[in-house]
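Chemist: Below is the structure I would like to discuss, written out as structure tokens.
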Amino acid sequence: MEEMKMQMENTASETLRERPEVKVTNKDIRKVFFRSLFEMCTINYERFQSLGYLYSIAPLLRKFYPDKERRAEACKRHMEMFNTHNSLLNPIMGTSIAIEEKIANMPEGADTKDLEASVNNIKVGLMGPFAGLGDSIIGATIIPILGAIGAGMALDGSIAGPLFFLIVYNAIDKGFRYYSTFYGYRKGVSILKDIKTSNIIQKISEGS
């Protein structure tokens with residue numbers, strides 16, 4: 001009886017070891033970044049940005065969860081109401097990817113409830129502060145400054161005015177969003193600790 005029990009345990013262990021680990025690549029994160037540029041196309045007054053958020057990370061959910069039931073559960077997690085400044089949603093997406101990767105790589109039968117709950121908890125915890133941060137930095141600082149410079153050039157009859165605004169603004173916005181997607185993935189859950197200890201949101205808001 002003991003031998004049979006040991007054989008069953010060994011078989012289960014071998015099955016778990018044979019399961020390949022799912023690993024996110026730089027190409028995967030770049031794909032999420034490019035899809036996130038269309039995130040606002042599906043905004044609505046019921047769930048706001050949730051559908052666009054799900055669209056952005058959908059390729060990785062397919063990679064993490066080949067099983068349709070688990071993938072459907074992951075999709076439901078990301079269909080909860082979500083709304084933040086669109087320029088600052090990428091670090092939150094990166095964090096979501098990191099947590100989903102952990103869930104996907106846990107052994108079958110393992111308790112993943114806490115990690116699954118943390119996905120939305122972190123999104124809810126960050127979307128408010130990041131919305132305020134985006135309004136302060138983007139809406140109240142960068143856009144007015146660049147717009148004023150571009151308008152001054154345009155008043156002199158130069159077509160460089162609007163081109164200056166579009167090029168510089170998009171370079172800042174898209175550059176930050178690209179980098180912050182990788183940053184959010186690398187930091188994962190620890191992004192909350194970094195934000196809290198550095199007090200960065202308050203510092204940037206005051207600086208703006």
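The values are calculated or read from the model by the stated rules, or taken from the named source; none is laboratory data. Treat the numbers as computed from the prediction; the structure is a model and nothing was measured. Because the Cβ atoms are built from the backbone with ideal geometry, glycine has one as well, and the counts that use them run over all protein chains shown. Surface accessibility is based on the protein's heavy atoms, side chains included, excluding ligands, DNA and RNA. Shrake-Rupley method; radii C 1.70, N 1.55, O 1.52, S 1.80 Å.
Chemist: Please work out if ILE138 is open to solvent by 50 Å² or more (accessible area, probe 1.4 Å), more than 15 Å from the chain's Cα centre (by Cα) and not basic (Lys, Arg).
Modeler: On the way: open to solvent by 50 Å² or more (accessible area, probe 1.4 Å): no; more than 15 Å from the chain's Cα centre (by Cα): yes; not basic (Lys, Arg): yes.
So ILE138 fails the test.
Chemist: Please state which one of GLY132, GLY157 is more than 30 Å from SER96 (Cα to Cα) and either touching a Cys at 6+ places or on another chain (Cβ under 6 Å) or of a type in the set (Gly, Ala, Ser) (or both).
Modeler: On inspection, the qualifying residue turns out to be GLY157.
Here is a yes/no grid of residues against (1) part of a helix (DSSP H, G or I); (2) at pLDDT 95 or above; (3) under 18 Å from VAL189 (Cα atoms):
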{"residue": "PHE34", "(1), (2), (3)": "yes, yes, no"}
{"residue": "GLY52", "(1), (2), (3)": "yes, yes, no"}
{"residue": "PRO107", "(1), (2), (3)": "no, no, no"}
{"residue": "ALA117", "(1), (2), (3)": "yes, no, yes"}
{"residue": "GLY128", "(1), (2), (3)": "yes, no, yes"}
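Chemist: Read through the list (1) at pLDDT below 95; (2) outside any helix (DSSP H, G or I); (3) crowded, with 18+ Cβ neighbours inside 10 Å, then give the number of the only condition that THR84 fails.
Modeler: THR84 satisfies all of (1) at pLDDT below 95; (2) outside any helix (DSSP H, G or I); (3) crowded, with 18+ Cβ neighbours inside 10 Å except (1).
Chemist: Here is a further query. Kindly indicate whether any position in the stretch 13-30 is modelled with pLDDT of 95 or more, within 21 Å of ASN170 (Cβ to Cβ) and in a helix (DSSP H, G or I).
Modeler: Just the residues of the stretch 13-30 that are modelled with pLDDT of 95 or more, to begin with: 24-30.
This time we only want the ones that are within 21 Å of ASN170 (Cβ to Cβ), so: 29-30.
Applying the additional criterion that residues be in a helix (DSSP H, G or I) yields 29-30.
Yes, the stretch 13-30 has at least one match.
Chemist: So which residues in the stretch 112-132 are open to solvent by 70 Å² or more (accessible area, probe 1.4 Å), farther than 21 Å from ARG62 by Cα and not aliphatic (A, V, I, L, M)?
Modeler: ASP114, ASN121 - these are the residues of the stretch 112-132 that are open to solvent by 70 Å² or more (accessible area, probe 1.4 Å), farther than 21 Å from ARG62 by Cα and not aliphatic (A, V, I, L, M).
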